[in-house]
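K.L.:
Dropping the structure in here first, questions after.
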Amino acid sequence: MPYAITDDGVKLYYEETGSGTPVIFVHEFAGDQCSWEPQVRHFGRRYRAIAYNARGYPPSDVPEAISFYSQNRAADDIAAVLDHLGIDRAHVVGLSMGGFATLHFGFRHPARALSLTVAGCGYGAEPSQREQFRAEAETIAAFIKSQGMAAFADKYAYGPTRVQLENKDPRGFAEFKRLLAGHSATGSANTQLGCQRERPSLYDLVDQMKALTVPTLVLMGDEDWFCLTPGILMKQNIPSAALAVMPNCGHGINVEEPDEFNSIVSDFLAQVDSGRWPTRDIRAVTTSITGMR
């Protein structure tokens, strides 16, 4: 099996297909590199498409200590995979937990990013939801440790932003639930406690957003309730960001509506690759409603 090794000695399993400009896909908490199969097949036709399993997701290593899991480590693991493959710069596409990692990769390694697709990013970001989110992360970790991944999947898969997939694609939903049930209990619990629970709120990162010049696409479903306002926050403060919202979609938009997801991201990457992606016109940044003040 192919592995990249991080600076703290963790082995990360990856797969790749195709050739050309690299695109690396960063998965969500409830997924793994298999979640990106509709994207790897699509983008592998014209790009070098790479997907990997985060630390804690076999066959990647599953460190026993929570100290091996953090938001910064998640961002730096993207760089570790690129380093292993000898890639200087890549388009980075992340969903949910992977979207947070993608955004932080842009903060920490901007010279390595051709573009950032930050999808389904926002859970726990709202200041009024911070303590609730942290408490729920602890509840999730405790449930996984006591009941196991199969019992966890039976509950988590039916969350308010997951049922959209079940309604549209029962077969795809059953696969999602089955793969989730097969994840490592230790890795999933540690990811919740070390990375999810402790990551900073997006509202505390506005200064970093304002300094970010990497072409950025913020993408979400319109029923992904906890990402809508944070998505607008990112659009408002990242001067190189566009915001796209997929109608009647929940959280796992890349598997819920793969054709639409692929089309939106493809158009974004094409504009970036052609040098046509804009930075916001300063005239669009004003406190005036009409421009007549």
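K.L.:
Residues of the stretch 226-236 being buried (at least 18 other Cβ atoms within 10 Å of the Cβ), closer than 25 Å to V285 by Cα and out of contact with any strand residue (DSSP E or B) (no Cβ under 8 Å at 6 or more places or on another chain), which ones?
P.N.:
Across the stretch 226-236, the qualifying residues are P230, L233.
K.L.:
Could you run through the stretch 29-69 and say how many residues are more than 19 Å from S184 (Cβ to Cβ) and among the charged types (D, E, K, R)?
P.N.:
The number of residues fulfilling the criteria is 5.
K.L.:
For the stretch 1-55, how many residues are surrounded by 17 or more Cβ atoms within 10 Å (Cβ to Cβ), small (G, A, S) and over 19 Å from K177 (Cα atoms)?
P.N.:
Here the count works out to 5.
Quick grid of which residues meet (1) more than 23 Å from Y57 (Cα to Cα); (2) in contact (Cβ under 8 Å) with a residue 40 or more places away in the chain; (3) not aliphatic (A, V, I, L, M):
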residue	(1), (2), (3)
I140	no, yes, no
Y156	no, yes, yes
Q164	yes, yes, yes
P170	yes, no, yes
G182	no, no, yes
W225	yes, yes, yes
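K.L.:
Show me the strands (runs of 3 or more DSSP E) entirely contained within the stretch 1-110 in which 1 or more residues are touching a residue at least 40 places away in the same chain (Cβ under 8 Å), acidic (D, E) and touching a Pro at 6+ places or on another chain (Cβ under 9 Å).
P.N.:
11-17
One line per residue, one yes/no per condition, for (1) in contact with a strand residue (DSSP E or B) (Cβ under 6 Å, 6 or more places away or on another chain); (2) closer than 28 Å to D204 by Cα:
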{"position": "P63", "(1), (2)": "no, no"}
{"position": "Y69", "(1), (2)": "no, yes"}
{"position": "A75", "(1), (2)": "no, yes"}
{"position": "I87", "(1), (2)": "yes, no"}
{"position": "V93", "(1), (2)": "yes, yes"}
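K.L.:
For residues that are hydroxyl-bearing (S, T, Y) and over 17 Å from V218 (Cα atoms), scanning just the stretch 69-120, find the one that is surrounded by the most Cβ atoms within 10 Å (Cβ to Cβ).
P.N.:
The qualifying residue surrounded by the most Cβ atoms within 10 Å (Cβ to Cβ) is Y69.
K.L.:
Condition (residue is assigned to a helix (DSSP H, G or I) and either in contact with a Phe, Trp or Tyr (Cβ under 9 Å, 6 or more places away or on another chain) or on the phi > 0 side of the Ramachandran plot (or both)) applied to the stretch 257-264: is it met by at least one residue?
P.N.:
yes
K.L.:
Then there's this: Any residue in the stretch 247-276 that is under 24 Å from W225 (Cβ atoms) and among the small types (G, A, S) sitting within a Cβ distance under 8 Å of a residue that is assigned to a helix (DSSP H, G or I) and modelled with pLDDT under 95? List the pairs, counting only those 6 or more apart or interchain.
P.N.:
none
K.L.:
Moving to a separate point now. Using the structure shown, decide if P170 is of a type outside the set (D, E), surrounded by fewer than 16 Cβ atoms within 10 Å (Cβ to Cβ), more than 18 Å from G194 (Cα to Cα) and modelled with pLDDT of 95 or more.
P.N.:
Judged against the criteria, P170 is a match.
K.L.:
Still on this model: Only one of (1) farther than 22 Å from N262 by Cβ; (2) out of contact with any strand residue (DSSP E or B) (no Cβ under 9 Å at 6 or more places or on another chain); (3) not hydrophobic (A, V, I, L, M, F, W, C) fails for R46. Which number is that?
P.N.:
Condition not satisfied by R46: (1).
K.L.:
Something else: Quick one: G159 ticks every box in (1) out of contact with any Ser or Thr (no Cβ under 6 Å at 6 or more places or on another chain); (2) assigned to a helix (DSSP H, G or I) except a single one, so which number is it?
P.N.:
The number of the failed condition is (2).
K.L.:
Quick one: which of E198, E256, E223 is closer than 20 Å to G159 by Cβ, surrounded by fewer than 23 Cβ atoms within 10 Å (Cβ to Cβ) and of a type in the set (D, E, K, R)?
P.N.:
The unique qualifying residue is E223.
K.L.:
So, one more: For the stretch 227-244, which positions are of a type outside the set (A, V, I, L, M) and free of Cβ contacts under 8 Å to residues at least 60 places away in the same chain?
P.N.:
Correct list: K235, Q236, N237, P239, S240.
K.L.:
Another one. Taking Y123 and the conditions (1) modelled with pLDDT of 95 or more; (2) surrounded by 15 or more Cβ atoms within 10 Å (Cβ to Cβ); (3) not in a helix (DSSP H, G or I), which numbered condition does it fall short on, given that it satisfies the others?
P.N.:
Here Y123 clears every test but (1).
K.L.:
Spot the failing condition for A189; the list is (1) in contact with a strand residue (DSSP E or B) (Cβ under 9 Å, 6 or more places away or on another chain); (2) closer than 30 Å to P63 by Cα, and only one is missed.
P.N.:
Among (1) in contact with a strand residue (DSSP E or B) (Cβ under 9 Å, 6 or more places away or on another chain); (2) closer than 30 Å to P63 by Cα, the lone unmet condition for A189 is (1).
The values are calculated or read from the model by the stated rules, or taken from the named source; none is laboratory data. Computed from a predicted model, the values in this text were never measured in an experiment. In this analysis, Cβ positions are derived from the backbone assuming ideal geometry, glycine residues included, and neighbour counts consider all displayed protein chains.
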